[in-house]
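For reference, the structure is listed below as structure tokens.
No lab work stands behind these numbers, since they all come straight from the coordinates. These numbers come from a predicted model, not from an experiment. Virtual Cβ from ideal backbone geometry, glycine too; neighbours counted across all protein chains shown.
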Amino acid sequence: MTATVTTVRRPERNAWVQLYVPEIVKGLAITSKQFFKNLGAAALGKRGDVVTIQYPDVKRDYPARYRGLHRLTYRDDGQVRCVACMCCSTICPAKCIHIEAGQHEDTSIEKYPVSFVIDELRCIVCGLCVEACPCDAIRMDTGIHAHPFYERDKAFLDREALLALGIPSTAKQGGHLKGGHAGGH
Ligand code: SF4
Ligand code: SF4
């Protein structure tokens, strides 16, 4: 079998091309044309084909699966959904979740987080904590990205801050369910 060889013609680099000046002028002409076109559109109150946005006054919509700041979810009765099982803090590769567990007075719940702190500056936004949680207690679907912090401790989101962003969990609640039987999370 004979091999087929395709010869690719190299572009000719004559003295005119090597001079660069004509190509620079050509590039500047394209940039200027776009500039005056958009300037004219702006004068008429239109956006033209400008792709930039006036951030932060205008913000782009994040995709539905965007991983934003964390939040903790609530139970049906408004209590924190988390049962302090430590799955999230164990799997976290950045070791930025710190949980202090307490004994819940309701024996069907057993434990709850007395303290739950996430260091958002150390977080690498991998989403493993959300994947590891067995009861939909932690999510990253706030649609809010972690903004720069002027003070280091402002990057620590504690239980109250995480609950302030919280929403009711859609997971089936464990312990004593309405209807009388016990079930998993
Ligand atoms: S997203 Fe990843 S790095 Fe951030 S807290 Fe969750 S597990 Fe840790
Ligand atoms: S958020 Fe979920 S995984 Fe983390 S401690 Fe609470 S229940 Fe466990």
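Out of segment 100-142, which residues are in a loop (DSSP other than H, G, I, E, B), within 11 Å of ligand 1 (Cβ to nearest atom), out of contact with any Gly (no Cβ under 9 Å at 6 or more places or on another chain) and among the aliphatic types (A, V, I, L, M)?
L121, I124
For segment 63-99, how many residues are polar (S, T, N, Q), within 22 Å of the chain's Cα centre (by Cα) and in a loop (DSSP other than H, G, I, E, B)?
Summing the residues that are polar (S, T, N, Q), within 22 Å of the chain's Cα centre (by Cα) and in a loop (DSSP other than H, G, I, E, B) in segment 63-99 gives 1.
Given the conditions (1) more than 16 Å from ligand 2 (Cβ to nearest atom); (2) exposed (fewer than 13 other Cβ atoms within 10 Å of the Cβ), report the number of the one that L121 does not fulfil.
(2)
For F149, only one of the following conditions fails: (1) away from ligand 2 (no atom under 15 Å from the Cβ); (2) more than 30 Å from Y55 (Cα to Cα). What is its number?
Condition not satisfied by F149: (2).
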